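Okay, so here's the structure we're looking at.
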Amino acid sequence: MSTPRRRPARDAELLAGSVRAFAARGYFGTSTAQVAAEMGVSQPYVIRTFGSKLELFVRTHAFAAAEIVEVFRAAMIAGFDGDRLGAAYRELVLSNPAALLVWAHAFSAATAEPAIGAESRRQFDDVYRTLRDAGASDAELWAFMGRGMLINNLLLMEAPRYSRDYDFAPLIDLVFGARPPLPPHPALPAPPPPRSGVT
């Protein structure tokens, strides 16, 4: 008797758990047992369903990355508008920091694992084609995607949370406006409260 096909909704639920697991510790620091615990299933089930850890991470990255394209397509009502798309992207990464961490972990693992490198390039190309097809020129994409990478890097180092301790605070205000209320890093405890007089 053939094995019943898994429902897409179930796949999404499991991959969302995988995003949370890999976000906390990255590809190399996460075991399939930890992913299974986050999913709420057994480790043998994870292997049977998704294959190796490498295959699981590639699927997880593709799942997390698909949200970028979905957000851009929803925001491209009248073609390419860098300000509107940039606001949509900021909202996405601020509301879903686990996905941003998975994207970053993929970049850092790309040279060691060719399959992850190929998946990262596929995602980048998907975003590029989506924006180009909306009418953006390569010069506009250079500027727009460069701003996106700056947003990513600032959030990954938790720069908005600690900006008042550094000279780059004006840049944070320019990029984000009012400093966003960031959740704690999935792998770290919550930071101590701000010093008295610092908002």
Legend entry - Matching residues in segment 52-72 - criterion: being in contact (Cβ under 8 Å) with a residue 40 or more places away in the chain and basic (Lys, Arg): ARG59
Legend entry - Identity of the residue in segment 149-174, among the hydrophobic types (A, V, I, L, M, F, W, C) and in contact (Cβ under 8 Å) with a residue 40 or more places away in the chain, that ends up farthest from LEU85 (Cα to Cα): LEU156
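Here's the yes/no breakdown for (1) within 20 Å of VAL93 (Cβ to Cβ); (2) at pLDDT 95 or above:
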position	(1), (2)
ASP125	yes, yes
LEU156	yes, no
ALA159	yes, no
PRO180	yes, no
PRO194	no, no
Legend entry - Single condition SER95 does not satisfy, out of (1) at pLDDT 95 or above; (2) of a type in the set (Ser, Thr, Tyr); (3) surrounded by fewer than 15 Cβ atoms within 10 Å (Cβ to Cβ): (1)
Inset, instruction - Answer with yes or no whether ALA118 is without any contact (Cβ under 8 Å) to a residue 60 or more places away in the chain and under 20 Å from ALA66 (Cα atoms). - result: yes
Inset, instruction - Assess whether THR32 counts as being out of contact with any Ser or Thr (no Cβ under 7 Å at 6 or more places or on another chain), more than 28 Å from ASP138 (Cβ to Cβ) and at pLDDT 95 or above. - result: yes
Inset, instruction - Can you tell me which residue among THR3, THR49 is at pLDDT below 95, out of contact with any Lys or Arg (no Cβ under 6 Å at 6 or more places or on another chain), more than 30 Å from GLY177 (Cα to Cα) and surrounded by 15 or more Cβ atoms within 10 Å (Cβ to Cβ)? - result: THR49
Inset, instruction - Within segment 73-94, count every residue that is in contact (Cβ under 8 Å) with a residue 60 or more places away in the chain and not basic (Lys, Arg). - result: 6
Legend entry - Enumeration of residues in segment 103-122 that are loosely packed, with under 14 Cβ neighbours inside 10 Å and either in contact with a Lys or Arg (Cβ under 6 Å, 6 or more places away or on another chain) or within 18 Å of SER52 (Cβ to Cβ) (or both): ALA112, PRO114, ALA118
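Quick grid of which residues meet (1) in contact with a strand residue (DSSP E or B) (Cβ under 9 Å, 6 or more places away or on another chain); (2) under 15 Å from MET145 (Cα atoms); (3) of a type in the set (Phe, Trp, Tyr):
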{"position": "PHE57", "(1), (2), (3)": "no, no, yes"}
{"position": "THR60", "(1), (2), (3)": "no, no, no"}
{"position": "ILE68", "(1), (2), (3)": "no, yes, no"}
{"position": "ALA78", "(1), (2), (3)": "no, no, no"}
{"position": "GLY82", "(1), (2), (3)": "no, yes, no"}
{"position": "LEU94", "(1), (2), (3)": "no, no, no"}
Legend entry - Scope segment 110-168; condition under 20 Å from ALA78 (Cα atoms), assigned to a loop (DSSP other than H, G, I, E, B) and not hydroxyl-bearing (Ser, Thr, Tyr); matching residues: ALA134, GLY135, ALA136
Inset, instruction - Among the residues of segment 20-33, count how many are of a type outside the set (A, V, I, L, M, F, W, C), surrounded by fewer than 17 Cβ atoms within 10 Å (Cβ to Cβ) and closer than 17 Å to ALA99 by Cα. - result: 2
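The values are calculated or read from the model by the stated rules, or taken from the named source; none is laboratory data. This one's a predicted model, so the numbers in the text were calculated from it and none came from an experiment. Here Cβ is always computed from backbone atoms with ideal geometry, including for glycine, and neighbour counts include all displayed protein chains.
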